[in-house]
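The values are calculated or read from the model by the stated rules, or taken from the named source; none is laboratory data. This one's a predicted model, so the numbers in the text were calculated from it and none came from an experiment. Don't worry about glycine lacking a Cβ; one is built from the backbone with ideal geometry, like all the others, and counts go over all protein chains shown. Each accessible area value is taken on the protein alone, full model and side chains, heavy atoms only, with ligands, DNA and RNA left out. Shrake-Rupley method; radii C 1.70, N 1.55, O 1.52, S 1.80 Å.
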Amino acid sequence: MIYYNLKDHQEKIDFKNATIKGQGKEKGLFFPENIPQFNEEFIQNLPQCSNEEIAYQCMKDFVGDEIPSEILKEIVAETVSFKIPLVKINEQISVLELFHGPTLAFKDIGARFMSRCLSYFLKDQQKKVTILVATSGDTGGAVAHGFYKIPQINVVILYPKNRVSPVQEKQLTALGENISAIEVNGSFDDCQNLVKQAFSDQEINSQLFLTSANSINIARWLPQQIYYLIALKQWIQQHKEHPVICVPSGNFGNICAGLLAHFRGMPADHFIAACNDNHVIPDYLKTQKFEPHQAVPTLSNAMDVGNPSNFVRVLELFGNQFDALKNTVSAYSVNDKETINTITKVYQKYNYLLDPHTAVAFASLEKYLEENPGKKGFILGTAHPVKFPDAVEKAIHTSIQIPGSLNELMKKEKKTVEINSDFEELKRFLLHKI
Ligand SMILES: *Cc1c(COP(=O)(O)O)cnc(C)c1O
């Protein structure tokens, strides 16, 4: 498959090089040159398909012959090697639990696929790659875990000191080996700025091959289609009508993957982008004006994004037709108070504990269903509530138990390097310490 740069359509690249490079000239995102359609029979027979088979059907056309099919089958099997259940919360709303992977976040799926593809592509090369990421909590853990002990790859993660939860911190800092965690005396924005400076620093780039592992990378973005089909497989066994699909959204990589699957022939009634107080896209759908702003901090901090990077891909999918976009996608903004109230209500009424991101989705889908009675749908459960104990405890007034599966992790020692929000300190580390 060939991909083109959305900022410069002349720049074309194959799957392998798009995976290695991440982004194109002028920081443009890559986009597939054509949208391969699902076979109708495949969609009808989903209930008979294993998750591995669904994953393979989702990805094969995007990879083409750049990875032999037996190896791609192994890669996708490892990508979805944990349960992804669709759980009914009430008659109208179900939740697709995407948090049963190693770091209890949906980002595990994209990170696992990307790491294994990158590892395959680097196998016969001398090249060493350094993955540099800033995280507000979730991305770092998934990337650290996805790339742990993968040869020829070093991972450097920057996170804001004292601003990630205890579980998140252990996931970032306890692995060691090829994973380095840097605690920055500053905010997430400071971390992001340091990473940006590193990507444009000549001296660093002459010595290291830097790449990123965020959802800009097609090898992290595209595999997110897989679980929409895994959801549908479970949905059609219980429902006749097509689902409304509601996605907690920050950079819009996740919802864009669902929309891509829909364009390929996956049935869905409607899509909803659930946002917190960072409401650039809900505003855009009202006014047709795209006005990025500084991110404001909220309880669902993995969605605190003021300029959603993947939204250009959403626009490209719809051929920049605003009306077509509006017919398929709605967006809501849910503030922290509503988020807390939703966690409380759903816990009391249905005995189901939502994390703050998934709660934003629940509240958004409820709003849509009120305006559109008779419909039903599911939300994407993007993180386990134990990763966001402060918000959850505020809502249900009891502390939440860390699941036994995390005992080992929580006992491990934290290993970090601490730096100030000072580029020279990061540069010294990158040039001399890894
Ligand atoms: C990253 C993240 C999101 C946002 O996903 P995007 O693809 O950036 O829209 C939502 N919820 C959680 C828990 C996340 O970690």
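Values as computed for the structure displayed
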| quantity | calculated |
| --- | --- |
| Rel. contact order, % - alpha carbon contacts under 8 angstrom, at least six apart, segment 73-170 | 24 |
| With eigenvalues of the C-alpha gyration tensor scaled by 5 and rooted, segment 242-341, Å | 22, 15, 12 |
| Lysines whose Cα lies under 25 Å from that of LYS433, excluding same-chain neighbours fewer than 8 positions away | LYS21, LYS123, LYS127, LYS128, LYS149, LYS161, LYS170, LYS196, LYS412, LYS414, LYS415 |
| Per-selection Rg to Rh, segment 335-434 - Cα, Kirkwood hydrodynamic radius | 1.18 |
| Accessible area per residue, Å², segment 18-149 with all protein chains present, probe 1.4 Å | 39 |
| Cα-based convex hull, segment 213-264, per residue volume (Å³, whole number) | 80 |
| For SER136, net neighbour charge (Lys/Arg +1, Asp/Glu -1) across residues whose Cβ lies under 10 Å away | -2 |
| Scattering profile of segment 2-156 at q = 0.12, 0.13, 0.15, 0.20 Å⁻¹ [log10 I(q)/I(0), Debye over alpha-carbon scatterers] | -0.62, -0.73, -0.97, -1.44 |
| Accessible area of segment 59-185 belonging to carbon and sulfur atoms, whole % at 1.4 Å probe | 44 |
| Mean shadow area of segment 183-230, taken as a quarter of the surface of its Cα convex hull (nm²) | 5.0 |
| Rounded to the nearest 20 debye, dipole of the chain from Cβ charges on Lys, Arg, Asp, Glu | 460 |
| Computed over segment 48-90, Kirkwood Rh from alpha-carbon pairs, angstrom | 11.4 |
| Whether segment 73-182 is rounded, prolate or oblate, judged on the alpha carbon gyration tensor where a/c under 1.5 counts as rounded | oblate |
| Environment charge at PHE209 (Cβ cut-off 12 Å; Lys +1, Arg +1, Asp -1, Glu -1) | +3 |
| Whole-number Å³ per residue for the convex hull built on Cα positions in segment 234-301 | 113 |
| Residue-count net charge about GLY64 - beta-carbon cut-off 10 Å; Lys, Arg +1, Asp, Glu -1 | -2 |
| Carbon plus sulfur fraction of accessible area for segment 371-432, probe 1.4 Å, in percent | 47 |
| Estimated D of segment 1-78 in µm² per second, where Rh is the Kirkwood radius over Cα pairs and Stokes-Einstein applies at 10 °C, 1.306 mPa s | 115 |
| Segment 271-361, accessible surface, carbon-and-sulfur percent (1.4 angstrom probe) | 47 |
| Solvent-accessible area per residue, Å², over segment 235-327 with all protein chains present [probe radius 1.4 Å] | 40 |
| Debye intensity ratio I(q)/I(0), log10, the chain, q values 0.07 Å⁻¹ (C-alpha model) | -0.31 |
